Structures are given as C-alpha cells and as structure tokens.
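A quick write-up on the structure given underneath.
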Amino acid sequence: MKMSCLKYRGARLNRGFTLIEVVTMVLVLAIAVPPTLEILMSNSAARANVINTGRATMLASNILEGVLADVSSNDPSLGFDALADSNAYLNTPTTGFYDRISIATISYTDLGLSYSVEISELVSTDGTVSMDSDDNIFRTITVVVEYPSADGLAYRLPVSLMVSNL
C-alpha cells in the first residue's frame, strides 16, 4: 500500500513542467518571436509593393492601348490628328479620353492609383524636334502612374511610346 502511494505521487510530479523549464521556454520565445515577426512583416510589405507595381503596369498598359486604339480609329473626331490638341483630346467632357476610359480605370483608382497622360509635340524618330519639319512625324505618349507603397511612399511609373499616322 505504501508503494502504490509513492508511485502515484511520483508519476503526478513528472507530468508537469518545472519553473526552470517554463522560464527557459518564455525566454526562447521572447528572443525568437520578434525577429520572426519582423521577417514576416517585411515579406508582406515587399509582396504588397510587387502587387501594386503589377497593377500600375497593367493600368499604364490599358491606357496606352486606349490611345493606340484612338490613333488607329476611323472616327473623324479621333485618329492621329486628334492628338494635336492634347487638352481637347484628353479633357473634353464625355468625349475626352479621360471620360471615355474612366470605366476601365475606376477599379485601379479605387485602389489608390492615379494616372496622367502627356502628349508631346511632333518629334523625329529620336524623340526630339528636328530642324527638318518633314522628320517630325511622331508624338510621344507618356502615361505616369502614381501608386502607394507599403511603407507609405508614393511611387511613380512612367511608360512611354511613340505613335505616328503612317
């Protein structure tokens, strides 16, 4: 009878943790958790930046495709010659480029992205105005997309292409 009582008490004592084991475990966790959380947070921020850069690239691409479609259009109010008055082409209420493309860009602007379109004067193949006006047959279209980064900064993504009526 005495023997079984001792076995029971010994078994009961062996099932728990000692104070030293608990303190050691708390110290290990206190040392390991903060760096692990920091790594996870920086990876999360980097992933968010990659996603936003992809969105900005897609937005710029969509806008440039819209301009290319307008340049190629047979509509008398569009085409390459419409780019000569960039303000009218971009900003005319209801028929201007910004109003016409807003349905395709709203999902991006709702996410905090913004954009602007710049249309250059007539330039030559190297992107500069040539002294010979016959060489100036292109316009450079530049889309600048601004988007937020995970650290609160604003990034700018400029994308350009040259168009002609040839």
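The values are calculated or read from the model by the stated rules, or taken from the named source; none is laboratory data. Model, not experiment: these values are computed from the prediction. Reconstructed Cβ throughout: ideal geometry from the backbone, glycine too, with neighbour counts over all protein chains shown.
Brief remarks follow.
- Single residue of segment 116-125 satisfying the filter (touching a residue at least 24 places away in the same chain (Cβ under 8 Å) and aliphatic (A, V, I, L, M)) that is surrounded by the fewest Cβ atoms within 10 Å (Cβ to Cβ): VAL123
- In the set (1) in contact (Cβ under 8 Å) with a residue 24 or more places away in the chain; (2) under 15 Å from SER114 (Cα atoms), the condition left unmet by ARG156 is number (1).
- Output for segment 126-143, where each listed residue is free of Cβ contacts under 8 Å to residues at least 24 places away in the same chain and surrounded by 15 or more Cβ atoms within 10 Å (Cβ to Cβ): ASP135, ASN136, THR140
- Selection of segment 117-148 for residues being of a type in the set (Ser, Thr, Tyr) and assigned to a loop (DSSP other than H, G, I, E, B) yields SER120, SER124, THR125, THR128, SER130.
- Some residue of segment 144-160 being at pLDDT 90 or above, surrounded by 13 or more Cβ atoms within 10 Å (Cβ to Cβ), in contact with a strand residue (DSSP E or B) (Cβ under 7 Å, 6 or more places away or on another chain) and over 30 Å from SER44 (Cβ atoms): yes
- Selection count, segment 62-115, where residues are in a helix (DSSP H, G or I), free of Cβ contacts under 8 Å to residues at least 24 places away in the same chain and surrounded by fewer than 16 Cβ atoms within 10 Å (Cβ to Cβ): 13
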